[in-house]
Amino acid sequence: MNKRQSVRKAIIIGMFLLFPITITWLSPALPVIYAGYGGVLTGAVIIFFLQFLTSLFLGRVFCGYICSAGGLQECMMRVSDKKIKNAKLNNIKYIIWVLWLLSIVILFILSGGVNEVDFFAGTVDGWIFLFAPYRYMIYFGVILLMFSAHLKV
């Protein structure tokens with residue numbers, strides 16, 4: 001393994017370890033909840049938009065260096081090197097993304113547009129996910145889902 005790959009893997013595994021802190025800004029649920037709750041543009045929407053722009057100009061940089069799920073996949077490859085290849089499951093992600101984006105746009109329209117920008121919406125009293133222990137159910141649910149998909153449990 002070359003030095004660049006070693007650095008990439010170290011960064012992406014580090015991002016996985018930071019996932020309990022960054023999950024608030026990587027949550028697909030928060031943009032939907034807050035868009036319908038008064039037209040609040042959350043940090044998650046801003047992060048997703050930045051991911052989109054990054055992918056247009058830098059390709060898969062986010063996926064290969066910053067994505068917490070990519071860090072989990074790197075860790076799981078140590079356990080099992082099985083590849084998930086299912087064309088039907090691969091195409092379903094586009095349907096999910098379109099429905100998700102449409103729901104956010106429709107909720108913003110129904111709320112009268114973007115009424116507020118709150119990067120910290122969804123945090124607990126301004127604190128990050130780490131300080132809201134009940135939210136770890138979401139964190140471990142995401143990890144269990146990815147782990148079971150990878151191992152085909």
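The values are calculated or read from the model by the stated rules, or taken from the named source; none is laboratory data. Just so it is clear, the model here is predicted, and its values are computed rather than measured. Ideal geometry is used to build each Cβ from the backbone, glycine not excepted, and the neighbour counts take in all protein chains shown.
Using the structure shown, decide if residue 88 is among the basic types (Lys, Arg), surrounded by 11 or more Cβ atoms within 10 Å (Cβ to Cβ) and either at pLDDT below 80 or part of a helix (DSSP H, G or I) (or both).
no
Any residue at all in the stretch 126-135 that is in contact with a Ser or Thr (Cβ under 7 Å, 6 or more places away or on another chain) and either at pLDDT below 85 or exposed (fewer than 11 other Cβ atoms within 10 Å of the Cβ) (or both)?
Checking the stretch 126-135: at least one residue is in contact with a Ser or Thr (Cβ under 7 Å, 6 or more places away or on another chain) and either at pLDDT below 85 or exposed (fewer than 11 other Cβ atoms within 10 Å of the Cβ) (or both).
Filtering the stretch 43-85 down to residues that are surrounded by fewer than 17 Cβ atoms within 10 Å (Cβ to Cβ) and not in a helix (DSSP H, G or I), which residue is modelled with the lowest pLDDT?
Selected residue: 84.
If you scan the stretch 1-37, which residues turn out to be of a type in the set (Gly, Ala, Ser), at pLDDT below 85 and surrounded by fewer than 18 Cβ atoms within 10 Å (Cβ to Cβ)?
Those that are of a type in the set (Gly, Ala, Ser), at pLDDT below 85 and surrounded by fewer than 18 Cβ atoms within 10 Å (Cβ to Cβ): 29, 36.
Can you run down the residue pairs with Cβ atoms below 8 Å, 6 or more apart or on separate chains, where the first is in the stretch 101-113 and at positive phi and modelled with pLDDT of 90 or more and the partner is buried (at least 17 other Cβ atoms within 10 Å of the Cβ) and not in a helix (DSSP H, G or I)?
112/39; 113/39
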